[in-house]
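Student: Structure below; questions to follow.
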Amino acid sequence: MDSQQVAGYEFLSEIGKGTAGSVYEAAMASGEKCAVKVFDSMSSNASLIGERVRRVLNGGAQDVVVPIREFSFDSRPSYLVMPLLVDRPEGDGGMLVPRTLESGMTKLREDDAWGIVENLARRLAVLHSARVAHGNLKPGNVFFAKDGKLLIADFATGLMPGVHRHFYGDGILYAPPEQLRDPEGYLREDGYGYDVFAFGVMAYRLLTGSFPRFEEEFSKVHSVDVSLFGDVAPEEIAEALERESRVTWPEEVEDERIVRCREIVGFCLSLDPLGRPGNMREVARFFDRIDRDLALEKVNAGLVSDKEVAEKKKVRSDRKFKFVSIVALGLGAGWAVTQALWGWDATRRQGKYEDYERNALSEIADLKERRDEAMVTEKAALDERDVIQARLDVEMKESAEEVAMAQMTNERLMDWLLEEGVDGVPRFEGRKERLKILAGELDSQLKEAEKRPLLKDQVAVLRLRRAEVALAAGEIENGEKLLGEALEEGDLSDKMVMRGSLRLLLLKSQANATETGSLLERVNGMIEKVLVNDEGGKLRAEGALKLAEGRLRMARGDEKKALDSFESSLQKYRKLSRLYPDQAIISLEVGRRYLDAARAAEGAGSYENAARLRGEAAKHFTTLAKKQEKPSDELRYQIASAEAARAISEWQQGRIFEAERLARAGVIQLKKLSSRKPDDFRVTVDLASQRGIIATALRDEGKPKEAQDLLKMSIKALEQGLKKEKKNWEARYLLASLKWQLAGLLGLQGEGRSELVIGREARNELRQILESGAT
């Protein structure tokens, strides 16, 4: 490059070329060497980088990034001047090697690797505190200073918004699926989540030498800078990552600290953005808490032992003091007797008395000294006990404060869980991980708090929180047990009791429990008492209560009354939606209530009304999607599911042509969702139902072979999913229906033996449903 392009610097050699530009070894006018990064205007967003650089400088994050000596993002070309952090190995012909984490990764021991992982987490936390998300985090962008300090470089480059031409460098190996699909999310502050995921990938690779997912393909290209995958689009890489939802470690470890550190890294690697820590400050706090928690557990155990030793010392000193006093008194009495005898025979006993007197006085003095020592020992033991008691009191106070802080955090988390709760939300990997970690933290807090009688009320609150987490995870029996224990053990607020009971009611009603009538009445009374002055809270609680009531009536077979309950629930949620028009989760609930009412109408035999309600649901979801810049996968599913239900309603009413049209459109949408949500069994069920409708149309068109293939595909997918969802009776009923349909097709084609086999399987499925008592 012509050195005149950046005035004041003489370019000596190119050190490296990346996705956003090139880095050069340069000499300043003083002769000092430095590194100059020159940005490519087509593959970088100069204004974005410049704005983030200013945030670093103004936000106190200068110490965690490679020092920025000079920069210009208004000139052409844009550039950044930094120290020259390179090595010049012997025998390499003078070639410069950047002193990065990538180049030193293979030399690390596990202990060193954990140190780097935790250090990097804290330094990224400082960067996030300055409101700067990196967005291109990888080992090649983490440098070592001469003193070994980690320094971060090249933030806001790579897969960024506002870039006209993307060159996919090795940063793509560390990017989460949502960044690969939508780099624009960086501007919506999703970049913090990008960094959390990338940090997790880097940590896993530092510790194991492998990538956590897609290892075989990633390991082949990790050292290449440009055009890693040829024509492979980032979206395809995202789909490949999502096919490997779980992350496993190569071997088990017994060290409790490493176990907890691995849990944090696994948390960061969640594919669901909501399942990860919100930013690196949260990750750093997790790491900081590990040593504190382990030390606290150790100190608590030690304090109990110290107190027992002090008590034993006091008992021993008491005994010793009493013994010395008794001996001293006895000797004193002996001396008095001797004086009397001396008076009777002074001449004969004078010599013996004087010897005895000297010995007795010496012994008494010695005993007094030992008594004084015993008293000092007793005082020391008492002082030691008081010190230990004081330490215990301080520890108890600190523990109480920590529990109070945890309760404030949990209060916010519980609000989130109630919004995203047990009703109709898919069990994403990230959600499971978040609930698992939250449950673990609550268990740990309970274990410590239960040791202190003074924290009885806090224990009750923590136990209630733990019950709510169990209920959110679908654990009915465990949640109900924990809820009962919390109500027995402490003085809880009426609002807490009402919310926990309402969650239990919703979950039990979803499981078709018919014995929830008394619980429903109790919760109804609590709502009237607790939420009398809270319009929004009361509407939400009453809507949920009517939803549970409708499910209870459906379970009892009273579809007409169930329809009334569902329509009442729908009205409550519609009022709530008007009260809070900007809350998308409430609008989602409105659409779901339409579908609940449609199912009840269908059960009551009102198929036309069911079709109308499902059409309203689809229209509502579609309107909601249009209001959002980027509709979530869950909202896309709700739209597709509502359209699928409409197709079934049309088919039940004999409008085959309209049903087929809706079903074919539904299959297109559901197949797209299937690739994005491969573990969501709801998508599998809806796909199977729509293919069943299309198979009917194909049969009527004289295409039995195509209809057979479609039915077999659907049956296979359902059977695979039911291995995990064995008690999904709706899916089992659909499976039985598709098998009857397939058996009929086989019979029409003269395959009598196969017809009998498939028909028998369908009959057995229906028998299992009847024997289960499912309604």
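The values are calculated or read from the model by the stated rules, or taken from the named source; none is laboratory data. As the structure is a prediction and not an experimental result, all values here were calculated from the model. So basically every Cβ, Gly included, is an ideal-geometry build from the backbone, and we count neighbours across all protein chains shown. The area values use the complete protein model at the heavy-atom level, side chains included, leaving out ligands, DNA and RNA. Shrake-Rupley method; radii C 1.70, N 1.55, O 1.52, S 1.80 Å.
Student: Which one of these does Val461 not meet: (1) at pLDDT below 75; (2) more than 18 Å from the chain's Cα centre (by Cα); (3) among the β-branched types (Val, Ile, Thr)?
Tutor: (1) is the only condition that Val461 fails.
Student: Also, I was wondering about something else. Identify, please: which residue in region 660-685 is of a type in the set (A, V, I, L, M, F, W, C) and over 22 Å from Ser245 (Cα atoms) and is, among those, most open to solvent (accessible area, probe 1.4 Å)?
Tutor: Ile668
Student: If Ala473 meets every condition in (1) surrounded by fewer than 19 Cβ atoms within 10 Å (Cβ to Cβ); (2) farther than 21 Å from Ala597 by Cα; (3) modelled with pLDDT under 75 apart from one, which number is that one?
Tutor: (1)
Student: If we scan region 7-27, do we find a residue that is touching a helix residue (DSSP H, G or I) at 6+ places or on another chain (Cβ under 6 Å) and either touching a residue at least 60 places away in the same chain (Cβ under 8 Å) or under 26 Å from Glu102 (Cα atoms) (or both)?
Tutor: There is at least one residue in region 7-27 that is touching a helix residue (DSSP H, G or I) at 6+ places or on another chain (Cβ under 6 Å) and either touching a residue at least 60 places away in the same chain (Cβ under 8 Å) or under 26 Å from Glu102 (Cα atoms) (or both).
Student: Shifting gears a bit: Restricting to region 1-27, count the residues that are open to solvent by 30 Å² or more (accessible area, probe 1.4 Å) and among the β-branched types (Val, Ile, Thr).
Tutor: 2
Student: Now for a different question. Kindly provide the set of residues from region 696-728 that are outside any helix (DSSP H, G or I) and closer than 16 Å to Ala663 by Cβ, ordered by number.
Tutor: Glu701, Lys703
Each row is one residue, and each column tells you yes or no for (1) modelled with pLDDT of 95 or more; (2) part of a loop (DSSP other than H, G, I, E, B); (3) open to solvent by 50 Å² or more (accessible area, probe 1.4 Å); (4) under 30 Å from Val253 (Cβ atoms).
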| residue | (1), (2), (3), (4) |
| --- | --- |
| Ser47 | no, no, yes, no |
| Leu57 | no, no, yes, no |
| Asp63 | no, no, yes, no |
| Arg76 | no, yes, yes, no |
| Leu80 | no, no, no, no |
| Glu90 | no, yes, yes, no |
| Met95 | no, yes, yes, no |
| Thr106 | no, no, yes, yes |
| Leu120 | yes, no, no, yes |
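Student: Right, something else. For residues that are modelled with pLDDT of 90 or more, open to solvent by less than 30 Å² (accessible area, probe 1.4 Å) and not in a loop (DSSP other than H, G, I, E, B), scanning just region 263-281, find the one that is farthest from Thr208 (Cα to Cα).
Tutor: That would be Met280.
Student: Moving on. Which condition number does Ser30 fail, the rest of (1) more than 15 Å from Glu70 (Cβ to Cβ); (2) surrounded by fewer than 19 Cβ atoms within 10 Å (Cβ to Cβ); (3) not β-branched (Val, Ile, Thr) being met?
Tutor: (1)
Student: Mind checking which residues of region 161-184 are assigned to a helix (DSSP H, G or I), buried (at least 19 other Cβ atoms within 10 Å of the Cβ) and touching a helix residue (DSSP H, G or I) at 6+ places or on another chain (Cβ under 6 Å)?
Tutor: Across region 161-184, the qualifying residues are Leu173, Pro177, Gln179, Leu180.
Student: Further question on the same structure: Since Ala688 meets every condition but one in (1) over 22 Å from Ala642 (Cβ atoms); (2) open to solvent by less than 60 Å² (accessible area, probe 1.4 Å); (3) under 34 Å from the mean Cα position of the chain (by Cα), which condition does it not meet?
Tutor: (1)
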